[in-house]
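Notes to accompany the following structure.
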Amino acid sequence: LYTNFLGMIKSKDKNIIIVVPTYNAKGSIIKVLLGTLNNVPNAKILVVDDNSPDKTAQIINKNFLGNKRINVIVRKSKGGRGSAVVRGFKEALKDKKAALFIEMDADLVHNPNDLPRLIEKAKKYDVVVASRYMVSSQIIKWSLKRRLISRFANLWIKFMLGISLTDNTSGFRCYRRYVLETIDFNLVAGNGFIVLTEIANQIYKKGFSFAEIPIDFIPVDINRSNLNLKELKEAFFTVLRLKITNIKMHLLNNF
């Protein structure tokens, strides 16, 4: 049964584009790309690199020279994960044959082996998120500080915006084409992880369906956090701004 399932995925994954934002990912990017190609061998992978000092883009081009499934966009400087994904989505949407769009990180915290389950779930839902906080999910190791930051961010987003996800800050997501086509990327003002929420807020207001799959989350560094004070402040005030905008739109539509 599992073999048949994989065969079904592989036969249809020509219409999938996976966007991978990178910055100094030389230690993991090859494993990520090989794992992704192994699980969805016919999918296209679009790497958006923020001109990594460790030469991530050059390493990819050297190891996958001639592989038409992998393309690399190099931006001039570090602009943040969120804006890199937006840049990738804009480019990916130019491929009119693409039906599913996936975003995932380049440091192996998002396991390529979870891709088939993410894709399978997307057959019935508009957006699928790989969640660290479902009952059957596991966070193998993480510092207390990092857990508290993540939990607070999720609770704040859910309380303020009402998006019914257990993991609003997961960057491992799959979108159907018609969902991304409705997104006004000009309204996405953030650069970091809060872009995930800005996009999800637009999707949620349009009434598209969300679903989640459980994953085992194994952080590369149990103490390191990608969220600095600047990003946390950006997240707090962005969610506040989105809430106020949502209220204003609701009042305008009902009066």
**Asked** If we keep just the residues of region 2-58 that are hydrophobic (A, V, I, L, M, F, W, C) and at pLDDT below 95, which is farthest from residue 71 (Cα to Cα)?
**Response** 5
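What do you reckon, is residue 190 touching a Gly at 6+ places or on another chain (Cβ under 9 Å), crowded, with 16+ Cβ neighbours inside 10 Å and more than 25 Å from residue 16 (Cα to Cα)?
On the way: touching a Gly at 6+ places or on another chain (Cβ under 9 Å): yes; crowded, with 16+ Cβ neighbours inside 10 Å: yes; more than 25 Å from residue 16 (Cα to Cα): yes.
It is true that residue 190 is touching a Gly at 6+ places or on another chain (Cβ under 9 Å), crowded, with 16+ Cβ neighbours inside 10 Å and more than 25 Å from residue 16 (Cα to Cα).
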**Prompt:** Out of all the residues in region 216-245, which are at pLDDT 90 or above, under 18 Å from residue 153 (Cβ atoms) and not aromatic (Phe, Trp, Tyr)?
**Reply:** 238, 239, 240, 241, 242, 243
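Conditions (1) out of contact with any helix residue (DSSP H, G or I) (no Cβ under 8 Å at 6 or more places or on another chain); (2) open to solvent by 70 Å² or more (accessible area, probe 1.4 Å), marked per residue:
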position	(1), (2)
52	yes, no
61	yes, yes
70	no, no
76	yes, yes
84	yes, no
102	no, no
**Asked** Condition test on residue 109, is it touching a strand residue (DSSP E or B) at 6+ places or on another chain (Cβ under 8 Å), crowded, with 21+ Cβ neighbours inside 10 Å, of a type in the set (A, V, I, L, M) and not in a helix (DSSP H, G or I)?
**Response** no
**Asked** Regarding residue 117, is this residue more than 16 Å from the chain's Cα centre (by Cα) and part of a helix (DSSP H, G or I)?
**Response** no
**Fill in**
Only one of (1) closer than 26 Å to residue 149 by Cβ; (2) at pLDDT 95 or above; (3) in contact with a strand residue (DSSP E or B) (Cβ under 9 Å, 6 or more places away or on another chain) does not apply to residue 201, and that is (3)
**Prompt:** Pick from region 174-192 the residues that are of a type in the set (S, T, N, Q) and more than 14 Å from the chain's Cα centre (by Cα): which of them is modelled with the highest pLDDT?
**Reply:** 182
**Prompt:** Applying the selection to region 86-100, what residues are buried (at least 16 other Cβ atoms within 10 Å of the Cβ) and closer than 19 Å to residue 186 by Cβ?
**Reply:** 86, 87, 88, 89, 92, 93
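Counting only residues that are open to solvent by 50 Å² or more (accessible area, probe 1.4 Å) and without any contact (Cβ under 8 Å) to a residue 60 or more places away in the chain, how many does region 35-50 have? Spell out the reasoning first.
Residues of region 35-50 open to solvent by 50 Å² or more (accessible area, probe 1.4 Å): 38, 44.
From what is left, the residues that are without any contact (Cβ under 8 Å) to a residue 60 or more places away in the chain are 44.
Residues meeting the conditions: 1.
Scanning region 115-141 for residues that are out of contact with any strand residue (DSSP E or B) (no Cβ under 6 Å at 6 or more places or on another chain) and crowded, with 18+ Cβ neighbours inside 10 Å, which turns out farthest from residue 197 (Cα to Cα)? Talk me through it step by step, then tell me what you get.
Step one: list which residues in region 115-141 are out of contact with any strand residue (DSSP E or B) (no Cβ under 6 Å at 6 or more places or on another chain), which gives 115-116, 119-120, 123-124, 133, 135, 140-141.
Retained after the next criterion (residues that are crowded, with 18+ Cβ neighbours inside 10 Å): 115-116, 119, 133.
Values: 115: 21, 116: 24, 119: 21, 133: 17 Å.
Step by step, filter region 115-141, then rank; the result is 116.
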**Asked** Considering only region 168-187, how many residues are open to solvent by 20 Å² or more (accessible area, probe 1.4 Å) and more than 22 Å from residue 108 (Cβ to Cβ)?
**Response** 9
**Complete:** From the option list 155, 148, 165, 196, single residue qualifying as surrounded by 14 or more Cβ atoms within 10 Å (Cβ to Cβ), in a helix (DSSP H, G or I) and of a type outside the set (Asp, Glu) is 196
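So which of 233, 243 ends up being open to solvent by 60 Å² or more (accessible area, probe 1.4 Å), closer than 25 Å to residue 126 by Cα and either free of Cβ contacts under 8 Å to residues at least 60 places away in the same chain or not in a strand (DSSP E or B) (or both)?
Values: 233 fails: closer than 25 Å to residue 126 by Cα.
The conditions single out 243.
The values are calculated or read from the model by the stated rules, or taken from the named source; none is laboratory data. No experiment lies behind these values; they were computed from the predicted model shown. Ideal geometry is used to build each Cβ from the backbone, glycine not excepted, and the neighbour counts take in all protein chains shown. Note: areas computed on protein heavy atoms with side chains; ligands, DNA, RNA excluded. Shrake-Rupley method; radii C 1.70, N 1.55, O 1.52, S 1.80 Å.
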